[in-house]
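Heads up: the structure comes next, in structure tokens.
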Amino acid sequence: MSNFVIKPAERTEKITYAVRDIILLANEVAKTGKEMLYLNIGDPNLFDFEPPRHMIDATYEAMLNNRNGYSPSSGIKEAVDAIEGEAGRKGIKNIHDIFVTTGASEAIELAVTALVNQGENVLTPTPGYPLYTAVASKLQAFENPYYLNEDNNWQPDIDDIRSKINDKTKGIIIINPNNPTGSNADYETLKQLVDLAVEKNLVIFADEIYDKLLFDGKKHVCIASINPDAPVVTFGGLSKNYMVPGFRIGWGIVSGQKDMLKDYIEAINKMLRARLSANHPEQYGIRPALEMDQSHLKIALEKLHKRRDITVEMLNAIPGISCVKPEGAFYAFPQLHIKNSDNHFVAELIKETGVVVVPGTGFGQVPGTQHFRVVFLPQDEKLEKAYKAIADFTARYIDKYESAKVLS
């Protein structure tokens, strides 16, 4: 037998995904028989949320009608037309390409890959969704994080963004509403970001997958609607707004000055053609989802609004924890006022209580701060039980670890 060891590519070394990586520890704890309370994965279907029936029926009918082969590489016409209609309602003009993908994740990866060379960079929000840093690692691009301002409801820090731009910067990523903080960027901040991107000739990658999940009467501002000439790729999908993350259906919308985007659009389409197509029958759910009854959103938002309030009230009542109120999505990103790492806190929390959250290091954070992410999708009573366990644990943790005494 050979002693030869197959070495993986260096580009995979820095790829992590804390949301699922933390499950390795949780699984070991679950084997001991401890009751587990999972607040780590943003999957509404694990709880009391359901997709609109007309979308499911359309998908089922497509399967029965044997729409089970390959689709056009950019998506079926009725889906692309529906996405264009939705883009118009969002205020996007100057649209030059729309493509349907295997989840918004594939759209993001294709759009970034078509733009960024080895050694170049895109500005990524911190805290932010870890897919972006994973894609950068695969492309052997430099990580170039910019910070969201926790003292300003997690708004992007425009001065910080400007300071991070260099001659290797190709684009700016914005996640709005944000995962993991649940923040909703305001118009003025987005306008400044667009102006800066235009000034520096940067592509804006706008992840707006949670754009219909907003609280307190807040409105979502589509960044591509602010300046029709700015080069923007807007990402959306069915996963979160329509409660079908397992469908793996997303899309990208490319807008801006046509002459500037022509070659870039062709680069994206080369890869679209090479990978053949996204899931075919599920694409027949896009038009009914976007154009038909939206009452499932009212039901979902009523539940999420209450669970957001429970989350903020109970977490802010815990000495050693503070939590900015989320304005959208279904995540909160509370700060730990301790000296120990959030990794240590979360590991001990899971082992002692069975409550599974994700350490802030998995999403990025301002150096010297500690956070964790919670998902407030579970039913009220489950959340209350989890937060009570976190409160009791935090008191014990602070008492036990002298190096982790409350700082503020």
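Ranking of Phe333, Phe49 by neighbouring Cβ atoms within 10 Å, starting from the fewest: Phe49, Phe333.
Which net charge results for the neighbourhood of Gln294, defined as the other residues with beta-carbon distances under 15 angstrom from its beta-carbon, given Lys and Arg at +1 and Asp and Glu at -1? Cβ neighbours under 15 Å give a net charge of +1.
Hull surface divided by four, with the convex hull built on the Cα atoms of region 1-126: how many nm²? Here the figure is 15.7 nm², rounded to one decimal.
Axis angle, to the nearest 10 degrees, between helix 380-400 and the longest C-alpha principal axis of the chain: 50 degrees. For the chain, the relative contact order is 24 percent, taking Cα pairs closer than 8 Å that sit 6 or more residues apart in sequence and dividing their mean separation by the residue count. Size estimate for region 53-291 follows the Kirkwood approach: the inverse of mean 1/r over distinct Cα pairs works out to 18.0 Å.
At q = 0.26, 0.28 Å⁻¹, work out log10 I(q)/I(0) for region 208-270 with the Debye formula, treating every Cα as an identical point scatterer and leaving solvent out; two decimals please. Relative scattering, expressed as log10 I(q)/I(0), comes to -1.07, -1.12. Sorted fewest first by neighbouring Cβ atoms within 10 angstrom, Tyr147, Tyr401, Tyr387, Tyr331 come out as Tyr401, Tyr147, Tyr387, Tyr331. For the chain, the normalised intensity computed at q = 0.07, 0.12, 0.14 Å⁻¹ comes to -0.33, -0.99, -1.31 (log10 of I(q)/I(0), Debye sum over alpha carbons, equal scatterers, no solvent).
Here's the list of lysines a cross-link from Lys385 could span, going by alpha-carbon distance under 23 Å and ignoring same-chain residues fewer than 8 apart: Lys31, Lys34, Lys303, Lys306, Lys325, Lys351, Lys400. Annotation: peptides 91-98, 177-184, ranked by per-residue average of other Cβ atoms within 10 Å with the highest first, follow the order 177-184, 91-98. Listed by chain and number, the aspartates and glutamates whose alpha-carbon sits under 20 Å from that of Lys388, ignoring those within fewer than 8 places in the same chain, are Glu35, Asp309, Glu313, Asp342, Glu348, Glu352, Asp380, Asp399. Counted over region 291-408 with a bin width of 5 Å, the fraction of Cα pairs per bin, in whole percents, is 2, 11, 21, 24, 18, 10, 6, 3, 2, 1, 0, 0.
The residues neighbouring Tyr70, those whose beta-carbon lies less than 12 Å from its own, together hold a net charge of +3 under the Lys/Arg +1, Asp/Glu -1 convention.
Counting only alpha carbon atoms, the long axis of helix 187-199 and the longest principal axis of the chain meet at about 60°.
Rounded to whole numbers, the Karplus 3J(HN,Hα) couplings from phi for region 247-259 are 5, 6, 10, x, 7, x, 10, 9, 9, x, 5, 4, 4 Hz, using 6.51 cos²θ - 1.76 cosθ + 1.60 with θ = phi - 60°, and x at Gly and Pro. Output the 0 to 90 degree angle, nearest 10, between the alpha-carbon long axis of helix 53-64 and the longest principal axis computed from the alpha carbons of the chain. In the chain, helix 53-64 runs at an angle near 60 degrees to the longest axis.
Straight-line reach from Lys258: taking Cα to Cα under 28 Å and skipping same-chain neighbours fewer than 8 places apart, the lysines in range are Lys77, Lys90, Lys93, Lys164, Lys168, Lys170, Lys191, Lys200, Lys270. The smallest convex shape that holds all Cα atoms of region 297-352, its convex hull, gives 98 Å³ per residue. Along its three principal directions, the equivalent ellipsoid of region 167-282 from the Cα gyration tensor extends over semi-axes of 23, 23, 11 Å, largest first.
Calculate the FRET efficiency for Glu188 and Met63 from the Cβ-Cβ distance with a Förster distance of 45 Å, rounded to the nearest 0.05. Efficiency, rounded to the nearest 0.05: 0.45.
Since every read-out is calculated from the coordinates, none of them should be taken as a lab result. These numbers come from a predicted model, not from an experiment. Glycine gets a Cβ as well: all are built from the backbone with ideal geometry, and neighbour counts include every protein chain shown.
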